[in-house]
Structures are given as C-alpha cells and as structure tokens.
Amino acid sequence: MLKKTKHTQLIILIDPDKYNPDLVKMANHTGVSYIFVGGSLLKNNSFEKTVKSIKSLTKIPLIIFPGDETQVSKFADGILILSLLSGRNPEYLIGKHVRAAAKIKASKLLPIPTGYILVHGAKKSTTEKVTKTKPLTTTKEIIDTCVAAELLGKQLIYLEAGSGANKPLNVSIIKAIKKSVSLPLIVGGGIDSVEKVKKILLSKPDYMIIGNALEKSPDLLIDINRLF
C-alpha cells in the first residue's frame with residue numbers, strides 16, 4: 001500500500017465536518033487510488049460515522065489522515081502514523097502517538113509511518129495554527145528534512161503547503177526531493193485547478209492529494225481525472 005509509482009496517482013482527502021457522499025460516488029467513476037479521511041480541527045463528532053459511510057459507498061482503499069489521537073477507526077484500511085518533522089512541537093512528534101498507540105494496536109489497522117512536512121504556502125494553514133509550528137521555507141531545509149525522514153525509517157513522505165494554500169508546492173522542490181530520497185512522495189496543498197494539477201504533474205510525485213478544492217467544487221474531480 002502506498003508504494004513508489006511509475007505514474008502519479010490521485011488521492012482525495014475528506015474532512016468529516018464537510019463530508020459529501022456524492023464526492024465518494026463520483027470517485028468510483030474516476031481514477032482515484034485512495035481516499036484519505038481526517039482533519040486538523042474537527043468540530044462535529046462524526047469521524048467514525050464518516051468512515052463507515054465512505055466504506056459503504058466504495059471499494060477504494062480508505063486511509064486515516066489523523067489530525068489528533070481521537071481519529072482512529074477499525075473500519076478503515078490503514079492509518080498514517082504522522083510525525084510532523086517540519087516542526088519541533090513534541091506533541092506532534094511523539095506525544096499524541098503515545099496516547100493513540102493502544103487504540104491503534106487494538107484496531108489492527110495497517111500503520112504507515114509517515115514523515116509529515118509542512119511547507120510555507122503563502123497563507124497560515126490550519127495545521128500551523130493547531131500544532132503551533134512553523135512551516136519550512138528554504139529548499140535546503142525541506143530536502144534535509146525529507147532525508148532525515150528516510151533515515152528515521154519512515155515509509156512515506158507527506159509534503160504539503162497547507163489546506164487551501166495560496167501557493168502550491170514548487171515543482172523544482174518536488175523534483176529535488178525525488179532525487180534525494182527513495183521514499184514514496186505525496187504532495188498537496190493549494191492544488192485547486194486543472195492548471196495547477198498539470199504543473200505539479202511535471203515533477204512526477206508518486207501521489208497528488210486534493211481536498212479543500214473538492215469541498216468547494218466536487219465537479220473539479222471530473223476535470224482533474226482526465227489528466228491521470
């Protein structure tokens with residue numbers, strides 16, 4: 001699951017607070033490879049209900065992208081064990097992991113150790129606010145952090161500019177990361193148009209994830225799908 005790919009694969013991210021079943025039904029008729037579910041700051045107590053609903057509507061693998069230690073459900077297919085390596089807040093490096101460990105173990109979910117790296121997207125993201133961390137800004141520190149993720153034994157790198165970012169990831173940075181590490185790479189944040197998808201695809205990440213834009217315009221999935 002979530003291995004290196006020959007061609008970029010598409011992932012959609014669903015925030016339980018903004019869940020739209022029609023988007024999942026639409027995904028069934030596209031090339032979506034995975035559905036991620038989770039959010040940085042959930043207000044409604046609907047996480048497991050959303051997971052169950054998604055599973056009832058599709059056979060696309062469902063992976064939890066947890067915003068905190070409460071976002072665990074045995075009904076998913078796997079869970080990203082996120083380490084926010086771009087920041088230095090111990091809560092998001094190990095604290096919340098300890099509190100969720102027993103629940104994740106008991107759930108028998110497939111754990112996917114993931115280096116989570118937040119890059120400055122010209123807008124303060126929800127992740128930045130909630131975790132009280134700063135995103136990375138220079139190419140060197142971004143690449144060095146990705147290399148550190150690989151040395152730490154992570155199985156995946158999740159690189160993003162933050163939900164609803166004004167500025168998506170730089171293509172040259174994505175290419176540099178792919179040359180520097182052998183881990184599968186997910187990129188996301190601020191990808192809200194066909195033109196931006198085309199640009200990101202030039203850097204050939206293993207996976208591209210789109211969330212916020214599909215909450216606003218689900219039909220965008222149909223247009224984007226033509227590129228995959």
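Per the Cauchy relation, a quarter of the hull surface: what is the mean projected area of the convex hull of the alpha carbons in the stretch 1-95, in nm²?
Spelled out: convex hull of the Cα atoms, projected over all directions, averaged, 6.9 nm².
Using r as the Cβ-Cβ distance of VAL130 and SER182, and R0 as 35 Å, what FRET efficiency do you calculate, to the nearest 0.05?
0.70
Taking every pair of alpha-carbon atoms in the chain, what share in percent sits in each 10 Å bin, from 0 to the bin with the longest distance?
With 10 Å bins starting at 0, P(r) equals 8, 36, 41, 15, 0.
Hey, got the dipole for the chain? About the Cα centre, +1 on K and R Cβ, -1 on D and E Cβ, debye to the nearest 20?
Dipole magnitude for the chain comes out near 300 debye.
If you take the beta carbon distance between LEU151 and ASP77 as r and set R0 to 41 Å, what does 1/(1 + (r/R0)^6) give as a FRET efficiency, to the nearest 0.05?
Approximately 0.90, to the nearest 0.05.
Pull up the cross-link candidates among the lysines for LYS179, meaning alpha carbon to alpha carbon under 26 Å and not fewer than 8 places away within one chain.
LYS3, LYS4, LYS6, LYS134, LYS140, LYS154, LYS167, LYS196, LYS198, LYS199, LYS204
Excluding residues fewer than 8 places away in the same chain, name every one of the aspartates and glutamates whose C-alpha is closer than 15 Å to that of LYS74.
Within the straight-line cut-off, LYS74 pairs with GLU48.
Per DSSP helix of 4 or more residues, -39500 (n - 2.57); summed, then divided by the residues of the chain. What does that give at 222 nm, rounded to the nearest 500?
-9500 deg cm²/dmol
In whole angstrom, note down how far apart the Cα centers of the stretch 157-228 and the stretch 47-111 are.
Value for the Cα centre distance between the two parts: 22 Å.
Which net charge results for the neighbourhood of GLU215, defined as the other residues with beta-carbon distances under 9 angstrom from its beta-carbon, given Lys and Arg at +1 and Asp and Glu at -1?
Its environment carries a net charge of +1.
Taking the number of other C-beta atoms within 10 Å as the exposure measure, put TYR19, TYR34 in order starting with the fewest.
TYR19, TYR34
Could I have the simple spin-label model distance between SER46 and ILE222, label points 7 Å from Cα toward Cβ, reported in nm to one decimal?
Each label point lies 7 Å from its Cα, and together they span 2.4 nm.
Can you compute the FRET efficiency between GLU69 and LYS167 using 1/(1 + (r/R0)^6), with r the Cβ-Cβ distance and R0 = 30 Å? Round to the nearest 0.05.
Efficiency for this residue pair is about 0.50.
Can you compute the modelled spin-label distance between LYS103 and ASP17, with each label point 7 Å from Cα toward Cβ, in nm?
For LYS103 paired with ASP17, the spin-label model returns 1.7 nm.
Given points 7 Å out from each Cα along the Cα-Cβ axis, report the GLU141 to LYS204 separation in nanometres with one decimal.
3.0 nm
Throughout, read-outs are computed from the coordinates displayed, never taken from laboratory work. Just so we're clear, the structure is a prediction, and the values are computed from it rather than from any experiment. Cβ coordinates were reconstructed from backbone atoms using ideal geometry, including for glycine residues, and neighbour counts include every protein chain displayed.
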